[in-house]
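A.B. asks: First, the structure itself, so that you have it in front of you.
The values are calculated or read from the model by the stated rules, or taken from the named source; none is laboratory data. Just so it is clear, the model here is predicted, and its values are computed rather than measured. Cβ placement follows ideal geometry from the backbone for every residue including glycine, while neighbour counts extend to all protein chains displayed. To get the accessible areas, we keep the full protein, side chains included, count just its heavy atoms, and leave off ligands, DNA and RNA. Shrake-Rupley method; radii C 1.70, N 1.55, O 1.52, S 1.80 Å.
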Amino acid sequence: FASYYGDHMVLQKKPSGAVVWGHGELGAMVTVTLSGAGGLIVMEKTAQVKGSSGTWTTVLDPMDQGGPYALTAEQGLENVTLRDIYFGDVWLCSGQSNMAMTVLQVANASQELAMASRYPYVRIFAAALARSDVELEDLERIDLPWSIPTAAENLGHGNFTYFSAVCWLLGRSLYEALGSPIGLVEVAWGGTPIEAWSSHRVLQACGLPEDMGREGPQSSLWHGACFNLKPALCFSPSLSLALSSSTSPHQHLSGPQTPSVLWNAMFHPLLNMTLRGVAWYQGEANAFLHTDQYNCTFPALIADWRQAFHAGSARQTEPLLPFGFVQLSTYRRRSADDSFARLRWHQTADLGVVPNARMPSTFMAVAMDLGDEHSPYGSIHPRDKQNVAHRLLLGARAVAYGDKDLVFQGPYPTRAILEVTRGLLNVTYSQELICRQKDAQAFEVCCSSQASLCQWLPTPVVAVGSRTVTLALSGCRTLVLGLRYAWAEWPCEYQACPLYNPQGLPAPPFL
């Protein structure tokens, strides 16, 4: 089998067929047998070892959820058997350090770890950090083989190692909601930009050079002081300063920041897997690198991953693979920099909410109200991953599992009407509003005679109705050319943004 198959794993259940693959002697026939209780054979498949890498691949018949099963691959007199296999839903979790934060690091960590033993049918796997200049067929190493979750050994192994808190909390919640075994695959590396997770196709589609890390002298901005340490801890004010001063499209990047190196080493080997969905928490690095290309690179990455997993799994992974992501939280409380705000906007392909026409079958967890100024891991690493996972769960249930009656996103403006004579702007929202901070200066108007010289002025809230917000424009003596909300690096206090819906979901930022 491929190196990441093992005892205790979860394979994708029906209606898809799980893909199984491995290595063998070129030209040899491999027999794959799935057996249940008492050794009863459930199905048998044969596959031939082909290609320069000497691999075989077979698609199992779609299976109902459950187990345990044993899976045996046999070639001549040799055989390998994997045991305690379950069929359920497989979710892949990827991103940078906020995805890599372990259960040990979250709020109420001791309680979360103590509950691990209640979920023996949520199985976890973590790929090891690796990078490559060429696409690999197999993972070089794994950090955590398929495992039943335990507190200290694999959910609380250490800081920024394994297992991902966001991934675990989402998977655990999916198990509670669905009653189906859940397989979780973590592929994350702290401090990494989206370009490193992108294939050459994504870079080409967005006009980014593919050789940013492969030629030319290395910039002094990328000295090894940060990247030779634990990679997840490599986001600091000094790093952000370096990144913000190095946004040239020809900037030389190194190590795990190099374009495509993580796609090559950590993703390409997984493309045969049959998946049910993806969860993504990344973007902090791109708040200071190619920020305004993210409205291209992110939708392009989603489309490319979908195509690649669909093709790699012999079309078993659905073409519109459900893709959930976390909108950026916070970093520096009093920063005047709007790069985080721009990145949040670009995460939605500049449309504010998902799913949308450019990003179908996606869902988003808004996190700008979960800031954690006193996090021991730095304010960029908030410890409240429970709310993040809950908001992802709502999106997954609605988008991936078709729960049409579930409210999974906060209120969003549908129109704005200017009352010039009264100096008011009435904004209508899509849902009922709950106002938690009426005095917060979260709304701003572009007050100018020409859009290219926008002067953004705070506009106070004078009234909040069931679905409307009325803003006063007394400070604007010229034309109102634009409106924005929560456009700041740290836009609101903990769970106290101005606007929520009755379900407690915050209104997302908009421009």
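A.B. asks: Which count do you get for residues in segment 32-89 that are in contact with a Ser or Thr (Cβ under 6 Å, 6 or more places away or on another chain), in contact (Cβ under 8 Å) with a residue 60 or more places away in the chain and among the small types (Gly, Ala, Ser)?
C.D. replies: Residues flagged as in contact with a Ser or Thr (Cβ under 6 Å, 6 or more places away or on another chain), in contact (Cβ under 8 Å) with a residue 60 or more places away in the chain and among the small types (Gly, Ala, Ser) within segment 32-89 amount to 1.
A.B. asks: May I pose another question? Looking only at residues that are of a type in the set (Phe, Trp, Tyr) and more than 14 Å from Ser94 (Cα to Cα) in segment 270-310, which one is modelled with the lowest pLDDT? Steps first, answer last, please.
C.D. replies: Of segment 270-310, the ones of a type in the set (Phe, Trp, Tyr) are 280-281, 288, 294, 298, 305, 309.
Imposing the further condition that a residue be more than 14 Å from Ser94 (Cα to Cα) reduces the set to 288, 294, 309.
Details: Phe288: 91, Tyr294: 97, Phe309: 98.
In this case the residue turns out to be Phe288.
A.B. asks: Considering every residue within segment 229-249, establish whether at least one is open to solvent by 20 Å² or more (accessible area, probe 1.4 Å), modelled with pLDDT under 95 and of a type in the set (D, E, K, R).
C.D. replies: For segment 229-249, residues open to solvent by 20 Å² or more (accessible area, probe 1.4 Å), modelled with pLDDT under 95 and of a type in the set (D, E, K, R): present.
A.B. asks: Do any strands (runs of 3 or more DSSP E) entirely within segment 318-429 hold 1 or more residues that are open to solvent by 10 Å² or more (accessible area, probe 1.4 Å), and if so, which? Break it down stepwise before answering.
C.D. replies: Working: elements: 323-326, 362-365, 413-419, 424-429.
Where strands (runs of 3 or more DSSP E) fall fully within segment 318-429 and carry at least 1 residues being open to solvent by 10 Å² or more (accessible area, probe 1.4 Å), they are 362-365, 413-419, 424-429.
A.B. asks: Within segment 23-40, track down each residue that is open to solvent by 90 Å² or more (accessible area, probe 1.4 Å) and either in a strand (DSSP E or B) or farther than 24 Å from Phe87 by Cβ (or both).
C.D. replies: Within segment 23-40, Glu25, Leu26, Met29 qualify.
A.B. asks: Does Leu221 qualify as being closer than 26 Å to Thr330 by Cα, modelled with pLDDT under 95 and open to solvent by 30 Å² or more (accessible area, probe 1.4 Å)?
C.D. replies: Values: closer than 26 Å to Thr330 by Cα: yes; modelled with pLDDT under 95: yes; open to solvent by 30 Å² or more (accessible area, probe 1.4 Å): yes.
It is true that Leu221 is closer than 26 Å to Thr330 by Cα, modelled with pLDDT under 95 and open to solvent by 30 Å² or more (accessible area, probe 1.4 Å).
A.B. asks: Check whether at least one residue in segment 270-287 is touching a strand residue (DSSP E or B) at 6+ places or on another chain (Cβ under 9 Å), open to solvent by less than 20 Å² (accessible area, probe 1.4 Å) and part of a helix (DSSP H, G or I), and report yes or no. It would help to see each step written out before you state the result.
C.D. replies: Here is the first cut: in segment 270-287, the ones touching a strand residue (DSSP E or B) at 6+ places or on another chain (Cβ under 9 Å) are 270, 272-283.
Narrowing further to those that are open to solvent by less than 20 Å² (accessible area, probe 1.4 Å): 270, 274-275, 277-283.
Then drop every residue that is not part of a helix (DSSP H, G or I), which leaves 270.
Within segment 270-287, one or more residues are touching a strand residue (DSSP E or B) at 6+ places or on another chain (Cβ under 9 Å), open to solvent by less than 20 Å² (accessible area, probe 1.4 Å) and part of a helix (DSSP H, G or I).
A.B. asks: Give me the strands (runs of 3 or more DSSP E) completely within segment 41-142, filtered to those with at least 1 residues that are under 20 Å from Glu176 (Cα atoms), ordered by residue number. I'd like the intermediate steps shown before the answer.
C.D. replies: On the way: elements: 41-48, 55-59, 66-75, 78-95, 122-127.
Answer list for segment 41-142: 66-75, 78-95, 122-127.
A.B. asks: Working carefully through the options Val480, Val420, Val461, Val407, find the one that is modelled with pLDDT under 90 and under 24 Å from Trp345 (Cβ atoms). Give the derivation first.
C.D. replies: Values: Val420 fails: under 24 Å from Trp345 (Cβ atoms); Val461 fails: modelled with pLDDT under 90; Val407 fails: modelled with pLDDT under 90.
Going through Val480, Val420, Val461, Val407 in turn, the sole match is Val480.
A.B. asks: Follow-up. Could you please give the count of residues in segment 151-179 that are crowded, with 16+ Cβ neighbours inside 10 Å and either without any contact (Cβ under 8 Å) to a residue 12 or more places away in the chain or not in a helix (DSSP H, G or I) (or both)?
C.D. replies: Quick first cut of segment 151-179, residues crowded, with 16+ Cβ neighbours inside 10 Å only: 151, 154-157, 159-175.
This time we only want the ones that are either without any contact (Cβ under 8 Å) to a residue 12 or more places away in the chain or not in a helix (DSSP H, G or I) (or both), so: 156-157, 159-164.
Matching residues across segment 151-179 total 8.
A.B. asks: Has segment 167-182 got at least one residue that is over 20 Å from the mean Cα position of the chain (by Cα), assigned by the TED database to the domain that holds Val326 and of a type in the set (A, V, I, L, M, F, W, C)?
C.D. replies: First, pick out the residues of segment 167-182 that are over 20 Å from the mean Cα position of the chain (by Cα): 176-181.
Retained after the next criterion (residues that are assigned by the TED database to the domain that holds Val326): 176-181.
Checking the rest, the ones that are also of a type in the set (A, V, I, L, M, F, W, C) come to 177-178.
Scanning segment 167-182 turns up at least one residue that is over 20 Å from the mean Cα position of the chain (by Cα), assigned by the TED database to the domain that holds Val326 and of a type in the set (A, V, I, L, M, F, W, C).
A.B. asks: Considering Gly352, Gly378, Gly395, which residue is of a type outside the set (A, V, I, L, M, F, W, C) and touching a Pro at 6+ places or on another chain (Cβ under 8 Å)?
C.D. replies: Numbers: Gly378 fails: touching a Pro at 6+ places or on another chain (Cβ under 8 Å); Gly395 fails: touching a Pro at 6+ places or on another chain (Cβ under 8 Å).
Within the list Gly352, Gly378, Gly395, the selection yields Gly352.
A.B. asks: Which residues, taken from segment 105-139, are buried (at least 19 other Cβ atoms within 10 Å of the Cβ) and β-branched (Val, Ile, Thr)?
C.D. replies: Hits for segment 105-139 are Val106, Val122, Ile124.
A.B. asks: Here is a further query. Tell me which residues, restricted to segment 37-55, are of a type outside the set (A, V, I, L, M) and modelled with pLDDT of 95 or more.
C.D. replies: Narrowing segment 37-55 to residues of a type outside the set (A, V, I, L, M): 38-39, 44-46, 48, 50-55.
If the condition is that a residue be of a type outside the set (A, V, I, L, M) and modelled with pLDDT of 95 or more, then Glu44, Lys45, Thr46, Gln48 are the ones that fit.
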